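Below is one structure, written out as structure tokens; comments come after it.
Each value in this text was obtained by applying a stated rule to the coordinates, not by laboratory testing. Nothing here was measured: the structure is a model prediction, and the numbers come from that model. No Cβ is skipped: glycine too gets one built from the backbone with ideal geometry, and neighbour counts run over all protein chains shown.
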Amino acid sequence: MKTINEHRSAIDLIDDQIAKLICERMAHSEQIGQIKKQTDQNVIDTVREAEIIHRLSLKIEQTSNKEAIEKVMRTIFETSRALQKSNLLESDLLTNNPLKNTPFKNNQNSEDNSIYNEAISSDYQQNTSQIKAGYSGIPGAFAESALVRYFGEPLKPYQNYSSFSKVCEAILKGEITYGILPVENTTTGAIKEVYDLIRENELYITGEVCLPVVHNLIGLPNAKLEALKEIYSHPQGLEQCGTFLNKLDSARQIPLKNTAFSIRYVSEQNDPTLAAIGDERAAGLYGLKVLTPAIQDSTFNTTRFVVLSKEPEVSEGADSTSIVLAARHKVGALHEILGSFAREQINLFRIESRPIPNRSWEYFIYLDAEGSIADEGVKRAIEAVQNQCQFSKFLGSYKKGVVA
């Protein structure tokens, strides 16, 4: 009976042969990729891959070995595809390139890069008089606070709009250079409408703000807790402060369309028996005071906002990248897409799906990845993914928002 070391020595010799044969196989695969490039053929050939798996399975009797060989071959197929795609991408033959309108194509040191790297610079951040930006809601809305956090207090108030879609329209028309919209809340989840608007309007994400949502009880300077009869806020604002409000059982809870509107309404009524729930900054804007601070049930309530623009802008230090895609309707399509990021050791930290209009059970998939499109690994992954999908679009690289 052979020892473990003797078996391992035999395996080492076999592994040496496997490594040599894989290198030979990759050399042939690269040549095939060159031919595909010259003849404008698709890299992926699922029929050929299926034929190889079937041919090899006929040569193997044991079922477990058949499964093992299939797994190994599929890994080899993926590596071969990546090699062939790299040749195609270098010649820029891809017709549906999600990066064609971005500052980064194939040359990381191109002259265009410096323009976009400086697009959101410290000079822009400091001189807010140069910024034309807008948000959804009325003055005092959480979105305005997020905009102030990102760009700073403006010399002239930021433009406010009545809806998310109006903000997008204003960006496209050139009324504003940047708009800010909420995309996710830690309590209520993703704001699906905004994902659709970003894609439909072909906007780019240039920044991110994570704004802690602190709900305060706000009223007139002479208001008393025990005398309150009505409390106004957005339905979620009322719900998120349930524990505190239950102690004020004499006050009716009345939902309004948003927190800033509720605060303005209380100010206009000039009634000390009325109060609202909302942001401290809004209280100051409408001449009210905070009666009780931080009344929300959970201290971990944060809304993630994205800063949008008509053109892509990628700053130095960008550490997040967003794309939207539609996978081909076939077995393993999503696995193949995710594998492109895994091969580059790129972490995907957010995945959202939205139905494709007029196409039952098919979805747009929004991916957020760590890293910048300026990083070669991220760039390779996105360029590989675009050849695996029926649709894909680069949405932006930006600095990840930090929760203060």
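Rounded to a whole number of µm²/s, how large is the Stokes-Einstein D of region 130-265 at 20 °C and 1.002 mPa s, given Rh as the Kirkwood radius over C-alpha pairs?
On the way: Rh = 16.5 Å.
D, rounded to a whole number, is 130 µm²/s.
Sequence gap at least 6, Cα distance under 8 Å: using those rules, report the relative contact order of region 4-90 to the nearest whole percent. Write out the running numbers ahead of the final one.
Numbers: 32 pairs, mean separation 38.4, N = 87.
Normalised by residue count, the contact order of region 4-90 is 44 percent.
Counting each DSSP H run of 4 or more residues in the chain as -39500 (n - 2.57), what helix-only mean residue ellipticity at 222 nm follows after dividing by all residues, to the nearest 500 deg cm²/dmol? Walk me through the numbers before you get to the answer.
Numbers: 14 runs with 169 residues, N = 404.
Helices in the chain give a 222 nm mean residue ellipticity of -13000 deg cm²/dmol.
Just want the ordering: THR206, THR177, THR292, THR3, from fewest to most Cβ atoms lying within 10 Å of their own Cβ. Intermediate results must be reported in sequence, preceding the final value.
Numbers: THR206 26, THR177 19, THR292 16, THR3 8.
Ascending Cβ contact count within 10 Å gives the list THR3, THR292, THR177, THR206.
Contact order normalised by length for the chain, with contacts defined as Cα pairs under 8 Å and 6 or more residues apart; what percent is it?
Working: 719 pairs, mean separation 72.3, N = 404.
Over the chain, the number comes to 18 percent.
When only alpha-carbon atoms are used, what values of Rg and Dmax, in angstrom, describe region 216-292?
Expressed in Å, the Cα Rg and Dmax of region 216-292 come to 10.6, 28.
With the crude spin-label approximation of a point 7 Å out along Cα→Cβ, what separation in nm comes out for ILE254 versus ILE35?
7.8
Once you have the Cα-Cα distance between HIS335 and ASN5, take 0.36 nm times their residue separation minus that, and quote the gain in nm to one decimal.
Full extension from HIS335 to ASN5 adds 115.0 nm.
Find how much the distance from TYR265 to ARG55 grows on full extension, using 0.36 nm per residue of separation minus their present alpha carbon separation; answer in nm with one decimal. Intermediate results must be reported in sequence, preceding the final value.
Numbers: separation 210, 0.36 × 210 = 75.60 nm, distance 7.46 nm.
Stretched out fully, the TYR265 to ARG55 stretch lengthens by 68.1 nm.
Just to confirm the number: angle between the C-alpha axis of helix 63-90 and the first principal axis of the chain, 0 to 90 degrees, nearest 10?
Here the helix axis deviates by roughly 70 degrees.
Starting from the eigenvalues of the Cα gyration tensor, five times each then square-rooted, give me the equivalent ellipsoid semi-axes of region 4-90, largest first, whole Å. Show your work: numbers first, answer last.
On the way: eigenvalues 166, 61, 16 Å².
Ellipsoid semi-axes (Å, largest first): 29, 17, 9.
Please work out the ratio of the alpha-carbon Rg of the chain to 2.2 N^0.38 Å and round it to two decimals. Write down the numbers at each step before the final one.
On the way: Rg = 27.7 Å, N = 404, 2.2 N^0.38 = 21.5 Å.
The chain yields a ratio of 1.29.
For ARG48 and THR187 in the same chain, what is the full-extension length gain: residue separation times 0.36 nm, less their Cα-Cα distance, in nm? Before the final figure, lay out each step's value.
Values: separation 139, 0.36 × 139 = 50.04 nm, distance 4.79 nm.
Going from the current span to full extension adds 45.3 nm.
Over the Cα atoms of region 248-404, what Rg and Dmax result, in angstrom?
Every Cα atom of region 248-404 included, Rg and Dmax give 22.4, 63 Å.
Could you tell me the relative contact order of region 234-290? Use alpha-carbon pairs under 8 Å, at least six residues apart, and round to a whole percent. It would help to have the intermediate numbers written out before the result.
Numbers: 46 pairs, mean separation 18.5, N = 57.
RCO, region 234-290: 32 percent.
Order 320-327, 381-388 from most to least packed using the mean count of other Cβ atoms within 10 Å. It would help to have the intermediate numbers written out before the result.
Values: 320-327: 22.1, 381-388: 23.8.
Most protected by this proxy first, the peptides run 381-388, 320-327.
Determine the alpha carbon to alpha carbon distance for each of LYS166/LYS192; LYS20/LYS66; LYS166/LYS289; LYS166/LYS379 and list only those over 25 Å.
On the way: LYS166/LYS192 16 Å; LYS20/LYS66 22 Å; LYS166/LYS289 31 Å; LYS166/LYS379 32 Å.
LYS166/LYS289; LYS166/LYS379, as the Cα separations exceed 25 Å there.
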